[in-house]
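Working notes, beginning with the structure itself.
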Amino acid sequence: MPSPPATLYPTAVTALPSRPYILSLTPHLTSTSSHLLLSHPSPEITIVDAQTFQLVDKLKGGHSKDISCVITSTSASTDEIVQGGFANEGNIWSAGVDANVVRWDERSRRPGQTIKANIRGRGLPLLSLAVNEPSNLLVTGTELVSSESHLIFYDTRSPSNPLYTHSTTHSDDITSLTFLPPSSSYAPALPATSSSENPTPGLLLLSGSTDGLVALTNPKEADEEEAFYGAEGLDGSVAKAGWYRAAVDEPDKKKKRKNGGKRQGLKVWGRSDMDSVGTWEMGRGETGDIELQNSNLHPTQTFKHLTLSQTPQSSSRSHIVSQDLETAEEEQERKRSGKVRVDYLIDVMSTLGVNAGSGEAIAAVGSNEGDIVLMHHRAAKEGLGDYQPSLFLRTPPEGKGEGHRDVVRCMWHDVRSQVLYTGSEDGILAGWSLPPLSEIRTGDRGHDEDPGDGREDADSDDEMDVDQDEEDEEESDEEVVFGRRRSGKREASDVLGASDGKRRRAAF
């Protein structure tokens, strides 16, 4: 029997002054600093040092109403961060419901450039933002106003007026925008039936909307009809959409036989406000155009209202004890037995692992008490399969440590230091020192199995090979500093001010 999924407790925890909701958590990495940008239901952005958890400053004066979106060059997808694919990585951008897009001056902590999103002389509330700095291209998505929602495109060098506007791609609030990597890095070869004049734009924009659609657009094409490359639907409003690299179906028959039917490609995902997840492969249609294909929809009940046990059930090897709403008596019993109740989906976390067989990424789910569970996809012979725990991230009991005690709204995984940062509605920022990625189960036997240990068989891909650390948390008033990993191991010298390597509690 494989070892059960490990349980971790926060390595560092701090409570923000006045305990505001932490709605988003965005990295801002430069050659001299590692900061976290926290957004709240307010016109200001809080800057926190990612290593010490100390409050650095606030960005303010750029918005008169709530900020809806914060991005940086280094908040894009991980493989572009690691490969250094972005110029001007120090730029910080935000969009707000006051119709302002702001590029912040990091030194002064004040607005360096402000763009007013106007359509026919009217400022429109903004919900989403994406910037491709090498192309000097900025696009923002609006709320639905007067039966229209707009994608508004700007040249960052001369943004006084939009380049063009797309107003029929979506029919409701545009909630998510992100640029895909260069299409040459993932697009399959053109089929013999190709007849499209522009089958492979070099750059594509992925958008998500309250209308339930995830759409592909050529952001360098002014004509909206020519720019639109298709859309796929979720079973609810799209809260967020993104992409990651994964093994996808190989369309070339000769290569298919040679490579086991798979090739390295790109998957697009969307999560709904109903806590469902859809994934699609980037492929080609008969005319050769890039399109979303081979959809998988993981419904709400996959991630919500689950009672999870650290020990799997003997019959199914599933850690899911219950998928029903619980009574007050059942809640008390669950807490006594140490089981975790997860109530919502936090995010899709491809940087933590992808099942190489199914191509599905790890997902993070949370409890109303602040616990987090990382879950991997477990494929089945029939149907979509299910998700099983990879790692439990627990809040210590009252009086025995600090952590989230309310809904966790956001997270970011620093792949270079293997630290997971999380923010919650009770104003708590937490950092978790994770085990190496090789020890976090993805549901793929090729990744998860440990040959020769005698613990796994062909069906046991739903457990995690991480030895559980049962050492009690030690508390101190000293600061925590998250150091960089070298060769996958954390050294005591990496933790400044803590030469004994012990975990610390951080506070402002």
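Among Ser417, Ser171, sorting on how many other beta-carbon atoms sit within 10 Å of each Cβ, with the fewest leading, yields Ser171, Ser417.
If R0 equals 35 Å, the separation of the Cβ atoms of Ser295 and Ser438 corresponds to a calculated FRET efficiency of about 0.70.
If R0 is taken as 35 Å, the Cβ-Cβ distance between Leu325 and Lys65 corresponds to a FRET efficiency of 0.40.
Which part of the range 335-351 falls in the paramagnetic zone of His305, meaning amide N under 14 Å from the point 7 Å along Cα-to-beta-carbon? Hits in the range 335-351 for His305 at 14 Å: 342-345.
Computed from the Cβ-Cβ distance with R0 of 35 Å, the FRET efficiency linking Lys116 to Gln264 stands at 0.25. In terms of surrounding Cβ atoms within a 10 Å radius of their Cβ, Cys69, Cys410 rank from fewest to most as Cys410, Cys69. Pairs exceeding 21 Å between alpha-carbon atoms, taken from Lys304/Lys339; Lys240/Lys381; Lys60/Lys220; Lys65/Lys304; Lys335/Lys400: Lys240/Lys381; Lys60/Lys220; Lys65/Lys304.
Where a number appears in this text, it was derived from the coordinates with a stated rule and is not lab data. Quantities reported herein were computed from a predicted structural model and do not represent experimental measurements. Please note: Cβ atoms are built from the backbone with ideal geometry, for glycine as well, and neighbour counts cover all protein chains shown.
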